[in-house]
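Take a look at the structure set out below.
The values are calculated or read from the model by the stated rules, or taken from the named source; none is laboratory data. Values in this document were obtained by computation on a predicted structure and should not be read as measured data. Heads up, the Cβs are rebuilt from the backbone with ideal geometry, glycines too, and the neighbour counts pull from every protein chain shown.
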């Protein structure tokens with residue numbers, strides 16, 4: 001019988017991101033009977049727990065939040081994998097969500113929706129926010145677009161950093177509200193994470209700014225509870241956090257076997273954008289495209305045809321298709337299928353409806369055809385997609 005491996009999991013218990021990492025580690029451990037995991041059930045990891053100094057630990061997976069914590073952990077002389085992403089434990093491998101891929105997803109989404117004004121709302125001075133901000137600016141500037149980045153006064157920025165570290169996440173500062181009020185409208189905003197996205201939504205509501213017609217927001221982390229509590233509900237980029245947890249566990253296991261794993265930053269691409277109400281809008285400047293898009297959004301899942309849409313907006317099919325291709329880079333029929341696919345994804349994620357019922361809710365009379373369509377577009381059958389989402 002192999003010797004047990006005692007693994008300290010120094011990942012905070014709060015937040016969807018950290019819970020997902022823990023889930024990935026747990027999934028890996030289920031296949032490795034010699035792993036005994038000791039979690040750290042606190043909201044924040046700021047110093048080395050006393051029990052870790054006294055106990056026998058073979059390896060550590062953790063959020064290494066400060067250089068001092070990194071030094072304390074390194075002094076234990078055991079293999080470490082850092083899943084916080086900042087790199088505060090220089091001799092250890094680091095895992096993080098790829099900021100370039102996050103920015104690319106958001107940029108492509110907003111450009112395809114027809115936006116011409118863009119902004120980034122983050123926490124200046126926080127490493128993951130700065131990385132995502134820089135990537136978002138690069139990607140949009142490559143398309144000839146300027147990004148309005150939230151840059152509060154230095155004193156306010158220091159307060160923001162303190163608030164973030166203390167996890168007073170639902171507060172927002174007056175400087176954020178002032179920035180939002182001055183932005184050109186309509187505008188597409190990438191928030192550095194879901195907490196910031198929720199703060200932006202709250203500030204817009206307090207200011208009387210219409211959402212999503214004037215301000216459209218995408219967050220990052222896809223913390224399902226937080227996103228669904230927002231009004232409007234928050235569209236978010238889903239990182240592969242369970243994959244990060246599994247990769248971290250596999251790295252640590254190889255290090256415990258004596259393998260040399262390079263102490264470099266490993267970046268994992270996010271999974272996809274989970275669309276909710278905060279981006280439920282088309283911003284094309286053409287009035288026919290706007291009118292048709294509203295009809296599609298309201299009735300695509302209720303059996304309306306392309307010809308019926310053309311009648312309602314008093315336009316020929318060829319003209320409307322050309323306008324959609326010009327402004328949205330896709331024809332009318334493809335936009336209808338996109339709306340129906342997103343509806344199917346949401347129902348598979350958020351409900352226990354049978355596949356046949358999901359098909360009907362998306363406007364398909366045949367469950368068989370819906371399954372073929374869904375597999376072609378999403379890369380997995382509806383049943384497999386639901387199972388994969390439930391494991392994340």
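Quick one: which residue in 330, 297 is outside any loop (DSSP other than H, G, I, E, B) and closer than 22 Å to residue 106 by Cβ? Result of the check over 330, 297: 297. The condition (being farther than 24 Å from residue 363 by Cβ, surrounded by 20 or more Cβ atoms within 10 Å (Cβ to Cβ) and in contact with a helix residue (DSSP H, G or I) (Cβ under 6 Å, 6 or more places away or on another chain)) is satisfied by just one residue among 261, 289, 215: 215.
Applying the criterion of being under 25 Å from residue 229 (Cβ atoms) and touching a strand residue (DSSP E or B) at 6+ places or on another chain (Cβ under 7 Å) to the residues of the range 1-48, the residue that is modelled with the highest pLDDT is 22.
Check 114, 121, 87, 125 and return the single one that is crowded, with 18+ Cβ neighbours inside 10 Å, closer than 29 Å to residue 46 by Cβ, modelled with pLDDT under 90 and not assigned by TED's automatic domain parsing to the domain that holds residue 325.
Result: 87 is the single residue among 114, 121, 87, 125 that is crowded, with 18+ Cβ neighbours inside 10 Å, closer than 29 Å to residue 46 by Cβ, modelled with pLDDT under 90 and not assigned by TED's automatic domain parsing to the domain that holds residue 325.
Has the range 142-150 got any residue that is touching a residue at least 60 places away in the same chain (Cβ under 8 Å), in the same structural domain as residue 196 (by TED's automatic domain parsing) and surrounded by fewer than 17 Cβ atoms within 10 Å (Cβ to Cβ)? The answer is no; no qualifying residue exists. Among the residues of the range 358-376, those that are in a helix (DSSP H, G or I) and within 21 Å of residue 297 (Cβ to Cβ) comprise 358, 359, 360, 361, 370, 373, 374. Considering only the range 342-376, state which residues are buried (at least 18 other Cβ atoms within 10 Å of the Cβ), under 23 Å from the mean Cα position of the chain (by Cα) and under 19 Å from residue 280 (Cβ atoms). Once the filter is applied, which keeps residues that are buried (at least 18 other Cβ atoms within 10 Å of the Cβ), under 23 Å from the mean Cα position of the chain (by Cα) and under 19 Å from residue 280 (Cβ atoms), the range 342-376 yields 342, 344, 345, 347, 348. Scanning the range 242-269 for residues that are within 20 Å of residue 89 (Cα to Cα) and in a helix (DSSP H, G or I) yields a count of 13. Contact map, the range 180-201: residues that are at positive phi and in contact (Cβ under 8 Å) with a residue 12 or more places away in the chain paired with residues that are surrounded by 24 or more Cβ atoms within 10 Å (Cβ to Cβ) and not in a loop (DSSP other than H, G, I, E, B), Cβ distance under 9 Å, separation 6+ or inter-chain. No pairs are found. Residues in the range 77-98 that are touching a residue at least 60 places away in the same chain (Cβ under 8 Å), under 16 Å from residue 132 (Cα atoms) and in contact with a helix residue (DSSP H, G or I) (Cβ under 8 Å, 6 or more places away or on another chain): 4 in all. Every condition in (1) assigned to a helix (DSSP H, G or I); (2) within 23 Å of the chain's Cα centre (by Cα) is met by residue 290 except one, and the failing one is (2).
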